[in-house]
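The values are calculated or read from the model by the stated rules, or taken from the named source; none is laboratory data. What you are looking at is a predicted structure, and each value in this text was computed from that prediction instead of being measured. Cβ coordinates were reconstructed from backbone atoms using ideal geometry, including for glycine residues, and neighbour counts include every protein chain displayed.
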Amino acid sequence: FSFSVLSGATSRSNLSLKITGANRLLLIACFQNVDDVDFTGYANGKRWKLVSIIEDQNPGITAGYIIAPPEGDVSIEVEARNLGLSTSTVRVFVVALADCDQTSGIRGDAVATGTSTTPSLSITSAVSDLVIDFLSHANATASLGAGQTLILSAETPDARSSQEDGASPSVTMSWLLGSSVAWKLGAFSVQPQAVYYLEDADSVATYGRRAE
């Protein structure tokens, strides 16, 4: 996989991201630290497919994905319909990935919620997948779980994201918070591009990207 990241704090915004590479997938997550937020999201006019949605929660996450977004400059339009929001109450996080499966894109998604120092969830995955999680929490420090690599760490609102290689049959994503606070944790297991083989008596040719 290869990916690029865009992050911004906003209540209503039009963000731009350049997407490159073959077999593309776009992940979009909105973190909130207020109640009663309803998000509408589009990428170049195409509505997000929303999954792992937690509504009317503080803190909360709304996340979605688009399979095969257009290559080049993409406009990410986000509107939080609670017009009383300030620019410090919503953070938009976009991950553009290449070398992804173009049929379903996502093998699994999961969401968990609680009040503690140890946010965690288990998500269905497989070897060669890439698991990406999104953590929204009340004010506290946050440390990564074992095996995870940090992608995003931002304040106002507290928004975190990390990645970990997939494993079969599942992967656990976890964090350690500095104090016991309310949190929401969501994750996707992204499938790699399919691999096809053409074999004859003399040679084997590989099409697509072989899973490592």
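Data for the structure
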{"quantity": "Tally, over the range 100-110, of residues that are within 16 Å of the chain's Cα centre (by Cα) and either closer than 16 Å to E164 by Cα or surrounded by fewer than 16 Cβ atoms within 10 Å (Cβ to Cβ) (or both)", "calculated": "7"}
{"quantity": "Identity of the residue in the range 139-164, acidic (D, E) and more than 14 Å from the chain's Cα centre (by Cα), that ends up modelled with the highest pLDDT", "calculated": "D158"}
{"quantity": "Options T124, T113, T172, T117; residue that is surrounded by fewer than 22 Cβ atoms within 10 Å (Cβ to Cβ), within 26 Å of R24 (Cβ to Cβ) and hydroxyl-bearing (S, T, Y)", "calculated": "T124"}
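Residue by residue, here is whether (1) of a type in the set (A, V, I, L, M, F, W, C); (2) in a loop (DSSP other than H, G, I, E, B) holds:
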| position | (1), (2) |
| --- | --- |
| A146 | yes, yes |
| I151 | yes, no |
| A159 | yes, no |
| S162 | no, no |
| S168 | no, yes |
| S174 | no, no |
| S179 | no, yes |
| A182 | yes, no |
| L185 | yes, no |
